[in-house]
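Asker: Please read through the structure below; I'll follow up with questions.
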Amino acid sequence: MTFSALERLIPDYIRRFEAYIPSKPDDELKKLYGCNRIFRLNNNENPLGPPIEAQRIISGFPPVKASIYPSGDVYYLRQKLADLTGLHPDQFLVGNGANEVIAFVIKAFCREGDNIITADKTFAVYEWVAEFSGFEARLAPLINFEFDDEKMLSMVDERTKILFICNPNNPTGTYWSLDKLSRFMDRINGSRIVVIDEAYFEFVEKEDFPDGIKLIKRYPNLVVFRTMSKMYGLAGLRIGYLAGDREVVDVIRRTCVVYSVNTVAQEAACAAIMDTGHIEKTREMVKRGRDFLEKELSLLKLPFVSNEGNYIMVKLPMSDSLAYRKLMKHGIMVRTMTGFRFPNYIRVTVSHMEYLEAFIERLSTVINREK
Amino acid sequence: MSQLSKGNLENRSSITLPSSKAFLSPAISFAEKTAIALGLDNREAMAVTLAIEEIFTYLCGITFENQVIEIIFSGRGHYIAIEIVFSAEKLNIRAFNITSAISPDDETEMEEMGLLIASRFVDRLRVNYSEDKKYRMLLIKEKAYPDSAEEPVPSVGNLDNFEIRTPNPEELKLLSRHIQYHYRDAFFPSALHYPGKLVDMVNGGEYAAMIASDSKGHIGGGIIWHYSEGKTVECWGPYVFDHNPGLGLAGRLLEDCIAAVAKTPAISLLNRYPVEEFSGDYFELLGTLEIADSSGNTREIPSWYRQLNEDLGASIWAPSEIEHYLRLEYDRLFLPREIRLVRYDGESDNLFSVLSVDFDRSSDSATMHPVQAGRDIAENLRNHLQLFMKESVNNLFFEMDLGIYWHSYFAPALVSEGFIPRLILPYGGKGDIVVFQRGGIPE
């Protein structure tokens, strides 16, 4: 039996929208492309995995605890985050990955006719969530691969509710310094919510890089996103959080889905954030990998964009989606950048040296260039 | 109708009537008034009205008792689309073959004459049988536009700097005239000959354009794209009128076009009318088609393709006749595909096959699409070829959708009539589309 009323039940903004189709599991991809391994250089995951103590918690998780609901508001992790940052536990909201908290913020503040502002070439989820929720996403073009503060400010109108800044930007790795961010916040002057997405915060060592959480007291309209998926290697458990002024977070909490973060993720995250040694080890690996990639890409005469974060963007003399298929034949998985509006670019996760060497070797064949 | 259209200008009006000849008059009245309201002139509206009259009359005779016929008109800028939805106990859609011969001695076939007449009142007609056990007949009637080839084209000037942006309607018309003037020897779609049509195409939402313009308003180039059926976007250009090599206009136009479609549901971007400034660095070569002009001179037209996302792989239905070709091509294009061979095992099938044909007079070509498979495939295909010969159509194509299993049934007849697979359009339909071309001019 067909559902004939379906068409008329769909709102226009959903009709226009196409579902995001994630890539297939590794085993399926291996079958499809006829390769016997997958080197994942596509999602900016940490190949070192979670910190040791988090690994111990994951492997020792008693199966019987799976029958018990997790803490609905992620109680202990919020306590620990409060201890580490000096904020109150109620200034944190934890979600099933940072993507979920993006939806919480947009739902909390936007209503029909409102808009959000972000960049055209950045993490796509701000734009997606706004659009499939029926709100306009205004996109300011990047300038020199960086968020353009002036352009964003010029796009603000009375229906603008939220401005999203990815700092450092994914995929270009550029960032706003503390001075630049502060000037921007001063000009917004508390009139709108400003979200700073710090998914790659822990990778940045630059002195002028701002810690958004430290700015919340000065700017109560500032909301900061962090994730446990990148530096802390917990992408498979889906856990991320936001921090903000207590009154702002109280409003966002009204749209928040409780019990969405599982117990293993909560316990592993509590352990992970206490391990500073893991950050050092990962940073060292990224530095070695970045130096290697920059040198090799220069030898191949390929332009690249290498800044902060654990990724590098490379411009190819060919279609990025064709390069993806050719690399996949050899089990090397990169992220095509056409979807980020960077045609012919790929983004490569700075990972284990073995993976990067295999990538460079294959890439030189794919583009048919000798070093 | 496009699933990808970006605009929201569709004007839509529908009527649902019992399938009884007593309701013919309201059907006619609705068709006439709606066609005019959607912008057709009196002559075009009359053609549409006559088509509806013929189809409604015919459907009243073949639909179930107590059934309804829904007629939906949609204005899409440069054309109107009419969808007729109905359930039918038996529907001999053979009459929709443009070659259908009607014998005046046979009363049943006389009834079908109406369908034949209807099909010739409109520019395109397709019939589909959907999963909800309903037939959906789609009629397209295009608006007529004045040609402006002789009008003067302003000078381009020298652009020192430029921005890529969306043109206003007057700039679009200028773009059309520039293309005709600067690319008079190039191969481009006939729609670009009509500035007013280009404006309506863009306003209708299925087409989009960008221009490169300086601060004084000079237009140095442009690119146009079309959100076609399925998940394919086709682009034309980049057209460059200012050949200052330092500007890099062509590359920027291509990049901005790709970026503009990158976040739509489209999977692939095609360019089948590459101009000199087109850069293969952004695309992959799918293959070439040979286009013959009326003097018999042929030229190779390459088809360029760009996938907009990471390929997730697919299963396709294929006839054994082209299995070898498909394996070689999928390997060359690095496209992961599971090939499932289709064969006929004596199961019951339709008596008659149906083909729809899209004519493109500017390229002197006809492209056939399967509407229904049947026992008379070979004969039906031969009849079509004879008609094309009579009409002196030089370039004959057949598009087989590998996402639809029964399209494969046409392969033996195609091969025996000299059709050769020339290229694969990945994700061009429900699945990949194989474009067959008949080798040589039909004899």
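Asker: Does A:S59 satisfy the condition of being touching a residue at least 60 places away in the same chain (Cβ under 8 Å) and away from every other protein chain (no Cβ under 14 Å)? Working first, answer last.
Answerer: Working: touching a residue at least 60 places away in the same chain (Cβ under 8 Å): no; away from every other protein chain (no Cβ under 14 Å): yes.
Considered against the rule, which asks whether it is touching a residue at least 60 places away in the same chain (Cβ under 8 Å) and away from every other protein chain (no Cβ under 14 Å), A:S59 comes out as no.
Asker: Moving on. Considering only residues that are within 14 Å of chain A (Cβ to nearest Cβ) and either part of a loop (DSSP other than H, G, I, E, B) or surrounded by fewer than 18 Cβ atoms within 10 Å (Cβ to Cβ) (or both), which ones fall in the range B:278-311?
Answerer: B:F278, B:S279, B:G280, B:D281, B:F283, B:L285, B:L308, B:N309, B:E310, B:D311
Asker: Could you please find all residues in the range B:400-422 being outside any helix (DSSP H, G or I) and under 25 Å from B:D345 (Cβ atoms)?
Answerer: Restricting attention to the range B:400-422, the residues satisfying the condition of being outside any helix (DSSP H, G or I) are B:400-404, B:417-422.
B:M400, B:D401, B:L402, B:G403, B:I404, B:E417, B:F419, B:P421, listed by residue number.
Asker: For the range A:51-114, give me every one of the helices (runs of 4 or more DSSP H) that falls completely inside it and has 2 or more residues that are modelled with pLDDT of 95 or more and charged (D, E, K, R).
Answerer: So the answer is A:52-59, A:75-85.
Asker: Away from chain B (no Cβ under 14 Å), at pLDDT 95 or above and under 21 Å from B:S279 (Cα atoms): is that true of A:K301 in this structure?
Answerer: yes
Asker: Further, regarding this structure: Could you identify the single residue in A:S182, A:S177, A:S191 that is of a type in the set (S, T, N, Q) and in contact with an Asp or Glu (Cβ under 6 Å, 6 or more places away or on another chain)?
Answerer: Answer to the selection: A:S177.
Asker: Then there's this: Report, by residue number, each residue of the range A:88-113 that is of a type in the set (D, E, K, R) and crowded, with 19+ Cβ neighbours inside 10 Å.
Answerer: Answer for the range A:88-113, where residues must be of a type in the set (D, E, K, R) and crowded, with 19+ Cβ neighbours inside 10 Å: just A:E100.
Asker: Now, a different point. Considering each residue of the range A:312-344, count those that are more than 7 Å from every other protein chain (Cβ to nearest Cβ), among the aromatic types (F, W, Y) and either part of a loop (DSSP other than H, G, I, E, B) or under 17 Å from A:T365 (Cα atoms) (or both), and give that number. Give the steps one after another, and end with the answer.
Answerer: First pass over the range A:312-344, keeping only residues more than 7 Å from every other protein chain (Cβ to nearest Cβ): A:312-316, A:320, A:323, A:327-328, A:330-335, A:337, A:340, A:342.
Subsequent filtering for residues that are among the aromatic types (F, W, Y) retains A:340, A:342.
In the following step, the residues that additionally are either part of a loop (DSSP other than H, G, I, E, B) or under 17 Å from A:T365 (Cα atoms) (or both) were identified as A:342.
Going through the range A:312-344 one residue at a time, the tally reaches 1.
Asker: Right, another one. Quick one: which residue in A:L142, A:L153, A:L81 is within 21 Å of A:G190 (Cβ to Cβ), of a type in the set (A, V, I, L, M, F, W, C) and touching a residue at least 12 places away in the same chain (Cβ under 8 Å)?
Answerer: A:L153
Asker: Identify all residues within the range B:268-288 that are within 22 Å of B:Y330 (Cβ to Cβ) and at pLDDT below 90; write none if there are none.
Answerer: Hits for the range B:268-288 are B:R272, B:G280.
Asker: Related question: Which of the following residues is among the β-branched types (V, I, T), within 10 Å of chain A (Cβ to nearest Cβ) and within 22 Å of the chain's Cα centre (by Cα): B:V261, B:V275?
Answerer: B:V261
Asker: To continue, here is another question. I want to confirm something. Restricting to the range B:320-359 and keeping residues that are in a helix (DSSP H, G or I) and either aromatic (F, W, Y) or touching a Cys at 6+ places or on another chain (Cβ under 6 Å) (or both), which single residue is farthest from the other protein chains (Cβ to nearest Cβ)?
Answerer: B:Y325
Asker: Restricting to the range B:136-184, and then to whatever is of a type in the set (V, I, T) and touching a helix residue (DSSP H, G or I) at 6+ places or on another chain (Cβ under 7 Å), can you tell me which residue is surrounded by the fewest Cβ atoms within 10 Å (Cβ to Cβ)?
Answerer: B:V153
Asker: Let me ask another. Contact list please: Cβ distance under 6 Å, first residue in the range A:212-241 and on the phi > 0 side of the Ramachandran plot, second residue part of a loop (DSSP other than H, G, I, E, B), pairs at least six apart or on different chains.
Answerer: A:G233/A:N46; A:G233/A:G49; A:G233/A:P50; A:R238/A:N96; A:R238/A:G97
Asker: What is the residue count in the range B:1-37 for residues that are modelled with pLDDT under 90 and under 24 Å from the mean Cα position of the chain (by Cα)?
Answerer: Residues flagged as modelled with pLDDT under 90 and under 24 Å from the mean Cα position of the chain (by Cα) within the range B:1-37 amount to 12.
The values are calculated or read from the model by the stated rules, or taken from the named source; none is laboratory data. This is a predicted model, so every value here is computed, not measured. Cβ coordinates were reconstructed from backbone atoms using ideal geometry, including for glycine residues, and neighbour counts include every protein chain displayed.
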